[in-house]
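The values are calculated or read from the model by the stated rules, or taken from the named source; none is laboratory data. Computed from a prediction, not measured in an experiment: that's the story for all the values here. Positions of Cβ are generated from backbone atoms using ideal geometry, with glycine treated the same way; all protein chains shown enter the neighbour counts.
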Amino acid sequence: MMKHGMATMVFLTGVILALIPSILSSQQDTIRVACVGNSITEGNAMSTKLLDAYPVALGRYLGAGYNVKNFGVSGRTLTKRGDYPIWNEPLFAQALGFNPNIVTILLGTNDSKPYNWIHKDEFMRDYYAMIDTFRQRPIHPEIYICLPLPSFTDAYDIRDSVIKADIIPMIRRIADSAKVKLIDLNTPFLDKRDLMPDGIHPLIAGSDLLARLLYKDLVGKGVDSLKENNVALKKPVVQGSTLLPEITDGNTATQISFTSTSTPVIVSLGTAADVDLIQIHFTKSKRTNLSFTLALSQDSVAWSTVSDTTIVDTLLLSEKNILKYIASFSPRAVRFVKFQMNPGGVQDTAAVLINEIKVLERRAVHAPVLGWKFVSQTPQTLRIKFIPQRNTNINGIMKIHLQASATTSFTILYNYGAAIPADIFRNINFGALIKFYCTIYENGAEATSDTLTITGERMTDVIDAGIASPALWALSQNYPNPFNPSTTIEYALPRDGFVSLKVYDVLGREVAKLVDEIQQSGTHKVTFNNLDNSQNAPMRTGVYFYTITANGFTQTRKMVLVK
């Protein structure tokens, strides 16, 4: 019996030991990543560093399973006898206390300064000491050490010659002997002087590139770039016995006229395609609304309706003379697509002009669709509102790129998480033009929109009144802003209806629900007190977004919490 009891005890002990990793894993629901570095990591050259520093961008790329923290401190050295050693910083102690699973170290730039490099004999010793300091943490984190970026100027006493000839070779030897992973952030930036206006610090686009490089090494693969596939392009379209190639020719300058009594049109895709999105482009007119049906089929006999809708055409996404309607649905194999105007689908005698029907093959990420609306004009300028619309990826990271003039290159205008971008207004001089394009990222895949070109030209017959006048619909800037601990948000409703007002963080996560009810028309105020947030714990210092949705009207503004 004693032997049997001992055997049972040994067995149970083995079972418990085997379960410990899974128990610990269940307790730790996120992977903690500590980014240690200097001003490049801190992102202090950007006024939007809380949104755009590369550790923040890396967190967006890695997603909800990771918790990425920025432990960068401007001007700090790796060597303990440098002018400002990072070892002495409270933030470095916090990085150790963070108990990270992964540590990235990007240091050495400030060590290249002549008055710091007199301690060059201690650089490798101190680097080994930093690696060992993190390795001694309870979790024994995986450590990545990074080659410093090139320096294109000596303005800050930083010496690129020292980085290139001494520091980079030393870091390579450290990575090899200490058995840590090396990330080369130097080579990819050798031809990226334009991303570092002061010659040292990357701004938004450069910071985003850093995040993507780190993501590739941490995850083991880069971001997948997906392209849209319009499976209806150049495919036959019939209305009864009549061919209508204009609807799928890829040219929005051609169109077909429809009325409420028109025979349905059927697009034949040929072989079955797995699709989840349809876009229809209409010619803009002075109609008030449209009513139509979209249906899908495998055999052109049994049809499944995916959209039976009445839409106000002035609220559709627009691009000058084109209106864009988007229908998304659960993916399915399809061979035929049918478009049909509903009885009474056009309220006046004018016909509906359909320019294009796009049927998009299923993708992990669909590119945003871009449009703009007329706001106002002066004798010299046209004022527009730029609108990027998500398709199926409501939680994706959206980046908005702008070319402000024909003589400049594209720059990242906004780099958002899942929060809807704030209103983007631009003034365009008559005769000039601007261009936008957007990318959206989610779960390792990214898609890029078409480029939208907007030309500054006088609007002689403004039919696009889709912009809500501030006297009617309005979401005002919160005040005070920045705030701590409370702020007031005011908004105006031209008619009764259901109102939702929510607060999101930079990753698009809802952190507070301020309004969620039917309200009467008029001006309303709501006070948000961060210390009295009944839904969640008080928010941390940073950038947040608040979004109102009411009767088809949606607007987002940015606010900043400081402590």
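Can you name every residue in region 142-158 that is buried (at least 19 other Cβ atoms within 10 Å of the Cβ) and either closer than 27 Å to L96 by Cα or over 35 Å from the mean Cα position of the chain (by Cα) (or both)? Within region 142-158, I143, Y144, I145, C146, L147, P148, L149 meet the criteria. Contact map, region 86-107: first residue free of Cβ contacts under 8 Å to residues at least 24 places away in the same chain, second residue part of a loop (DSSP other than H, G, I, E, B) and buried (at least 17 other Cβ atoms within 10 Å of the Cβ), Cβ cut-off under 7 Å, separation 6 or more or different chains; pairs are E89/V73; E89/R76; L91/V73. Restricting region 38-63 to residues that are touching a residue at least 24 places away in the same chain (Cβ under 8 Å), surrounded by fewer than 19 Cβ atoms within 10 Å (Cβ to Cβ) and outside any helix (DSSP H, G or I), the residue that is nearest to the chain's Cα centre (by Cα) is G63. Return a yes/no flag: does region 342-351 have any residue that is surrounded by 19 or more Cβ atoms within 10 Å (Cβ to Cβ) and either outside the structural domain of N429 (by TED's automatic domain parsing) or more than 28 Å from I434 (Cβ to Cβ) (or both). Yes, there is a match, as at least one residue in region 342-351 is surrounded by 19 or more Cβ atoms within 10 Å (Cβ to Cβ) and either outside the structural domain of N429 (by TED's automatic domain parsing) or more than 28 Å from I434 (Cβ to Cβ) (or both).
One residue stands out in region 400-425 among those that are modelled with pLDDT under 90 and not in a loop (DSSP other than H, G, I, E, B): the one that is nearest to I548 (Cα to Cα), namely I424.
For the criterion of being aromatic (F, W, Y), surrounded by fewer than 21 Cβ atoms within 10 Å (Cβ to Cβ) and under 16 Å from A211 (Cβ atoms), Y115 fails. When you look at S262, is it surrounded by 14 or more Cβ atoms within 10 Å (Cβ to Cβ), part of a loop (DSSP other than H, G, I, E, B) and assigned by TED's automatic domain parsing to the domain that holds E319, yes or no? Spelling it out, S262 is indeed surrounded by 14 or more Cβ atoms within 10 Å (Cβ to Cβ), part of a loop (DSSP other than H, G, I, E, B) and assigned by TED's automatic domain parsing to the domain that holds E319. Among the candidates R137, R76, the residue that is among the basic types (K, R) and either free of Cβ contacts under 8 Å to residues at least 24 places away in the same chain or surrounded by fewer than 21 Cβ atoms within 10 Å (Cβ to Cβ) (or both) is uniquely R137.
What's the total number of residues in region 288-310 that are among the β-branched types (V, I, T) and out of contact with any Ser or Thr (no Cβ under 8 Å at 6 or more places or on another chain)?
Matching residues across region 288-310 total 2.
Within region 83-106, identify whether any single residue is assigned to a helix (DSSP H, G or I), closer than 22 Å to D217 by Cβ and either out of contact with any Leu (no Cβ under 9 Å at 6 or more places or on another chain) or among the polar types (S, T, N, Q) (or both), and answer yes or no. Scanning region 83-106, I find at least one residue that is assigned to a helix (DSSP H, G or I), closer than 22 Å to D217 by Cβ and either out of contact with any Leu (no Cβ under 9 Å at 6 or more places or on another chain) or among the polar types (S, T, N, Q) (or both), so the answer is yes.
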